[in-house]
Amino acid sequence: MVHDLPLEQFGAWCLAQQAEPIVLDVREPWELQTASVRAQGFEVHALSMGELVSRWHELPRDRPIACLCHHGMRSLQAARYLQQQGFDPVVNLQGGIDA
């Protein structure tokens, strides 16, 4: 089961991790131009949902991952997929970048 992480708890979650977290932004390239995330205490990887199935192996398994999209639905699907591939911990940023 994927944990939905409220944005207010994201900073504390990052600090609690043993390794620098990755924010996996699964929005489409045109969405990234509309609003972006500035890395601060974490690393950002942009990998659209359409690319996830063929490129998930490029993600490091030894770092926590927080999935992000516009409202939190695509990122929830991405987080579930990554868990099925054996990634842990993986969380979904609740409400997405809109929050």
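Quick rundown of the values:
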| item | result |
| --- | --- |
| So Gln94, is it in contact with a Leu (Cβ under 7 Å, 6 or more places away or on another chain), at pLDDT 95 or above, farther than 12 Å from Leu24 by Cβ and not aromatic (Phe, Trp, Tyr) | yes |
| Residue among Val44, Val37, Val23 that alone is aliphatic (A, V, I, L, M), in a loop (DSSP other than H, G, I, E, B) and under 16 Å from Ile97 (Cβ atoms) | Val37 |
| Residue identified as surrounded by fewer than 20 Cβ atoms within 10 Å (Cβ to Cβ) and either in contact (Cβ under 8 Å) with a residue 60 or more places away in the chain or at positive phi (or both) among Gln18, Gln77, Gln83, Gln33 | Gln83 |
| Yes/no for Ala39 being at pLDDT 95 or above, out of contact with any Phe, Trp or Tyr (no Cβ under 6 Å at 6 or more places or on another chain) and among the aliphatic types (A, V, I, L, M) | no |
| Ile22, sole failed condition from (1) more than 20 Å from Asp4 (Cβ to Cβ); (2) in contact with a strand residue (DSSP E or B) (Cβ under 7 Å, 6 or more places away or on another chain); (3) modelled with pLDDT of 95 or more | (1) |
| Every residue from segment 59-91 that is part of a helix (DSSP H, G or I), in contact with a Leu (Cβ under 9 Å, 6 or more places away or on another chain) and more than 25 Å from Thr34 (Cα to Cα) | Tyr81, Leu82 |
| Residues satisfying the stated conditions in segment 58-71, i.e. out of contact with any strand residue (DSSP E or B) (no Cβ under 6 Å at 6 or more places or on another chain) and either in contact (Cβ under 8 Å) with a residue 24 or more places away in the chain or among the aliphatic types (A, V, I, L, M) (or both) | Leu59, Pro60, Arg61, Asp62, Pro64, Cys69, His70, His71 |
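The values are calculated or read from the model by the stated rules, or taken from the named source; none is laboratory data. Everything numeric here is computed off the predicted structure, so don't read it as measured data. Glycine also receives a Cβ, built like all others from the backbone with ideal geometry; neighbour counts cover every protein chain displayed.
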